[in-house]
Each structure stands twice: as structure tokens, then as C-alpha cells.
1. Every residue in region 346-388 that is surrounded by fewer than 16 Cβ atoms within 10 Å (Cβ to Cβ) and assigned to a loop (DSSP other than H, G, I, E, B), please.
2. Based on this model, can you work out whether Thr114 counts as of a type in the set (S, T, N, Q) and part of a loop (DSSP other than H, G, I, E, B)?
3. Determine the pairs where a residue that is closer than 16 Å to Ala296 by Cα, located within region 234-263, has a partner that is β-branched (Val, Ile, Thr) and outside any strand (DSSP E or B) with Cβ atoms under 6 Å apart, the partner being 6 or more residues away or on another chain.
4. Has region 219-227 got any residue that is at pLDDT below 95, touching a Leu at 6+ places or on another chain (Cβ under 8 Å) and closer than 25 Å to Val35 by Cα?
5. Identify all residues within region 74-116 that are under 21 Å from Ile365 (Cα atoms) and without any contact (Cβ under 8 Å) to a residue 12 or more places away in the chain; write none if there are none.
6. When region 125-159 is examined, which residues are found to be farther than 12 Å from Leu182 by Cα, open to solvent by less than 20 Å² (accessible area, probe 1.4 Å) and aliphatic (A, V, I, L, M)?
7. Of all residues in region 189-214, which are assigned to a loop (DSSP other than H, G, I, E, B) and modelled with pLDDT of 95 or more?
8. Which is basic (Lys, Arg) and out of contact with any His (no Cβ under 6 Å at 6 or more places or on another chain), of Arg372, Arg350?
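The values are calculated or read from the model by the stated rules, or taken from the named source; none is laboratory data. Since we're looking at a predicted model, the values are computed, not measured. Every residue, glycine as well, gets a Cβ built from its backbone with ideal geometry; the counts of neighbours run over all protein chains shown. Only protein heavy atoms, including side chains, enter the accessible area calculation; ligands, DNA and RNA are left aside. Shrake-Rupley method; radii C 1.70, N 1.55, O 1.52, S 1.80 Å.
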Amino acid sequence: MTTAFSGGTAPVPSAGPARPLRVLAAMSGGVDSAVAAARAAEAGHDVTGVHLALSENPKSFRTGARGCCTIEDSHDARRAADVIGIPFYVWDLAERFREDVVDDFIAEYEAGRTPNPCLRCNEKIKFAALLDKALALGFDAVCTGHYATVAVCEDGSRELHRASDAAKDQSYVLGVLDDRQLAHAMFPLGDTVTTKDEIREEAARRGLSVAKKPDSHDICFIADGDTRGFLADRLGRSEGAILDESGTEVGTHEGAYGFTIGQRKGLRIGHPAPDGKPRYVLDISPVDNTVTVGPAASLDVTSLTAIRPRWCGTPPAAGTSGAYTAQLRAHGTECEVEAELTSDAELRVRFTGAPERGVAPGQAIVLYDGTRVVGSATIATTEKAVPAPS
């Protein structure tokens, strides 16, 4: 018999604990984490700020950078903590970050997959290494500037929900958190419907100098945003063929790792397809260092298999299934799916609406039940739609 993954008591928004908590606020040096720390302190919690030194080159400055890990960012975080009136420390997690996030990122691209380093950082750094250290030091919770909401059920268990403001929702990159991590997570920005401009105005009212600081973009450890160049420096350049769906060579490249499924720009094929329409990356084969391109319709995916599921609550039993919505990218839209846990380590997902395009192995799929995050898994394989006869 088929049963749904979820159930249980209805959650209520967390209004905060009755007693003050010892809170470790992760302060990146940006406006969101600064306001989150300020709100936690204003709510009466005993807050300590900490900036994570994640860069292997701590003397790097913001010149040309678009991340959140420079020495100037640590100075911005310290100034914000001084204004809020909380203790502040810098913790060096660069080696752990390199091993769990950067090395994993490189290995995934080398294998032809498309990872999301933000999910990996939340899973392995902010809510594993940082949380473990915080708990060992007697802190009750880790506070971040993510836009998401933790709801408390009648039985005391916790659920992760989308932020009140869907436009800023970041629950996708938190879909890797389990129930233990949620029990010690605090997101002060998640349950208030405010625009980013209003957050900046609040920061200015509080006297925080980061009020006008630009948001971080791209991948924090790739300062110039050149992912292909970053990978080439570490994996080397290796010329290979760009093929069309018939196997005909239509161009060359300097490393299959420099491409992602669904990519259109930067193919450098040099001539249009016979039908004059754009071509997209359909497949990446690291074994023979080839990249296959074709029309947009060939990107249509009807189902997928995902591995290493992580559940934001009690794990379902193998063999259970249910109807959910899913999100495939950090800023993607929801789609309707039927999901079945075929084993403890494998999830089978079928798209019940229109096929999805640009679904790449290595990406995370996050399942939702309404606004609640059910869990996430890493996409391993996809099945394409059968092309309509011409």
C-alpha cells in the first residue's frame, strides 16, 4: 500500500523560546547576518558573534571579489558586532571548508556533475562543524541571516518552512538540515515579510555600516566569478570534442568540466544548428571528455533518481511515496512530483506536470509539502522525454 511521507501534528510558527538562549550568530560581514544577530540580541538572547574564516588566503581583499570570505568581510562583521554590543570572534575553518566544500566542488565537476556549494556549506560547515563546536562550548543555537522559518509542532518537534516572503525564500539551500540541526537553528529574518530595502533601512536605523553593502553573488571561493577558469587552474586544460546528437563533431573545448547541463552561452561552436535555433548542453561525458549539444526540447526530463536523501524530520520508511512539489535550483520555481523512497539511500521522482528542463546530476532536489521542507537528495540520473515524431 502506498503511503505519504508526511503526517503528524500541525505546526505553529515559532515565537521564540520562553527563556533566553545562548546564541552563536554566524556573521558573514553582510547586512542579513548583521540584522539577524541584532534581532536575536534584541529578543533578549545572550548572543556572541562569530565570523568564519573560510578562505585559504586570509589576506585577500574585496577588489574584484563577489563573495563573503575576505578579510574586509571579517572587519565588517566585527564592526557590526561592536555596534550591536556583543562579543565577537573569528574562527578558522578554512581547512575543513576546503576539504568538505571546495574539494568536493572540484571533484563533482570533474565527474561531470553540477554541485551546489551553498548546500554543502550549510550541511558540512555552518550546521555541522560550526554547530558541533557551538554545542560543545555550551551554546544553544546557531543564528544565521537565512530567509526561512522554523516552526514548532505540538509535540515539540521542529519543521523547516519557507520564509514568509517567498521572493527572498532560502529554504532550498537549507533542505539538507536534519531534525537535530533544526532543533538548534535560528533564522530571525524568516518570519517577517520585509523587502531587502526594508532590511537595509533597519540596518541603517541600528547604525550598522553594512546597510549599503552589496549582496554577495556567485560562489564565495571564486572571487572573480570565473568558474571555468577556477576549474582549469586545478584540473588542467584538456581539449575534447563538442558533438551533436548524431555524434558529429561541431566544435572543441578545453575541458568537459567547464560545462553544465542546459548551458547555452559560451559553447563557442562557431556556427548555428541546421534549424537556426540555439543549442544547449545535453550531456557531459568525463570518460571520453566530450560534450553533447542539441535543441532545447532534448533537455526535457520526465523523471529522475536521487541519492543520499536527508530528511528535515523523521525519515520515511523505504517503499513509501507521496505527491509533493519540488524545487531543483536555488531560485527555481516549484513543480509537481510523485516521489517514492525506493530504499534508504535512493529516491525516485516523477514529474507529474510538464517535463523539466536543464536538470543536471549533482544538483539537489528539495521536496515540499505546502511550505514545509520534507527533505532533499542529490540527483544521480535523469530520464529524458521521448521526442515527438516529426
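1. Those that are surrounded by fewer than 16 Cβ atoms within 10 Å (Cβ to Cβ) and assigned to a loop (DSSP other than H, G, I, E, B): Thr352, Gly353, Ala354, Gly370, Val386, Pro387, Ala388.
2. yes
3. Going by the 6 Å Cβ cut-off, the qualifying pairs are Thr260/Thr114.
4. yes
5. Result: Ala107, single match.
6. If the condition is that a residue be farther than 12 Å from Leu182 by Cα, open to solvent by less than 20 Å² (accessible area, probe 1.4 Å) and aliphatic (A, V, I, L, M), then Ile125, Ala129, Leu130, Ala134 are the ones that fit.
7. Listed by number, the residues that qualify are Arg206, Gly207, Leu208.
8. Exactly one residue qualifies, and that residue is Arg350.
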